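The values are calculated or read from the model by the stated rules, or taken from the named source; none is laboratory data. As the structure is a prediction and not an experimental result, all values here were calculated from the model. Here the Cβ positions follow ideal geometry from the backbone for every residue, glycine too, while neighbour counts run over all protein chains shown.
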Amino acid sequence: MTTGISLVRENTESMQPPRSLWVSFPLGHPLGKPGDSLFQHQVIRHALDLLERPVGPVLEDFPLDVPHVEVDHAPACPISFARPKIDESTWQAKLANELLLFRPWYDVSRRRRGRTTVGVSESSIDEILERLAQWLDDPDAPLPNLKWLKHAIEDAKAYYSESLIAQPGDYPAGQIQQQFWGQTVLGEGLKEFYEYCVSSPKLDVYARLIATREAIGGSTGSDNTIHKSMENGNWMRETHD
């Protein structure tokens, strides 16, 4: 008999393993709170308890969440640079403007870490955002090639994530995900792709590849905290005793 922990409920529902405990934790943190052995043991115990179920498949929800991370106290990019005075009424303009904010921090991150996970689509970030914006500005047009779209979205999310962790330091679980989905134009745009795919039975599987329901549910796309922090040139990390 086997049991396991699921971070992506939709994938588990599709694969139907014998027994699985779904947790609402950020990707990369299947046991929840780093350094909290008491909390982690609770997760493991719930997963092992599923072995007592004689018949599967079983998919059960873990009842606790990781405490919310306040994005207002999240690390911000430390350098100020001017934003171009361009029309931001289109996705093309908004994403092009946002890329100008993120590009320097991606370069810093890549130099500091000596590697990058961006590149599976074999397209530049400029091409990726331009093609995503073309559809967002005209959603009646056909979607880009779905295989390319999957890899392109992976690259775009990786590019932004690596930019957001350009400075060394400890990042609370879920912080980068909350910043990406809640504060960036790209996060808002990918939510549009997600909703479009969810509304079509033939494309529903692609929605799962864009994001989990839990991740995308908190995206408002209306908070410019990251942009303001980048422009102000302040690196802010608060500690709490």
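Of the residues examined, Glu214 is one that is outside the structural domain of Leu31 (by TED's automatic domain parsing), at pLDDT below 85 and of a type in the set (D, E, K, R). One residue is enough: does segment 48-57 have a residue meeting the conditions surrounded by 13 or more Cβ atoms within 10 Å (Cβ to Cβ), in contact with a Ser or Thr (Cβ under 8 Å, 6 or more places away or on another chain), outside any helix (DSSP H, G or I) and at pLDDT below 90? So far as segment 48-57 goes, yes, one or more of its residues are surrounded by 13 or more Cβ atoms within 10 Å (Cβ to Cβ), in contact with a Ser or Thr (Cβ under 8 Å, 6 or more places away or on another chain), outside any helix (DSSP H, G or I) and at pLDDT below 90. Count of segment 181-208 residues, restricted to those that are farther than 23 Å from Lys94 by Cβ and among the basic types (Lys, Arg), is 2. Screening Gly174, Gly187, Gly169 for residues that are outside the structural domain of Glu10 (by TED's automatic domain parsing) and modelled with pLDDT of 85 or more leaves exactly one candidate, Gly187.
If only residues of segment 123-142 that are free of Cβ contacts under 8 Å to residues at least 12 places away in the same chain and part of a loop (DSSP other than H, G, I, E, B) are counted, the one that is surrounded by the most Cβ atoms within 10 Å (Cβ to Cβ) is Ser124. Can you tell me which residue is nearest to Ser163 (Cα to Cα) among those in segment 108-128 that are of a type in the set (Gly, Ala, Ser) and under 19 Å from the mean Cα position of the chain (by Cα)? Among them, the one singled out is Ser109.
Would you confirm whether any residue within segment 146-163 is over 11 Å from the mean Cα position of the chain (by Cα), in a loop (DSSP other than H, G, I, E, B) and either modelled with pLDDT under 75 or not assigned by TED's automatic domain parsing to the domain that holds Trp22 (or both)? No, segment 146-163 contains no residue that is over 11 Å from the mean Cα position of the chain (by Cα), in a loop (DSSP other than H, G, I, E, B) and either modelled with pLDDT under 75 or not assigned by TED's automatic domain parsing to the domain that holds Trp22 (or both). Taking Ser109 as the residue in question, decide whether it is outside the structural domain of Ser24 (by TED's automatic domain parsing), farther than 18 Å from Leu209 by Cβ, surrounded by 15 or more Cβ atoms within 10 Å (Cβ to Cβ) and small (Gly, Ala, Ser). In short, yes.
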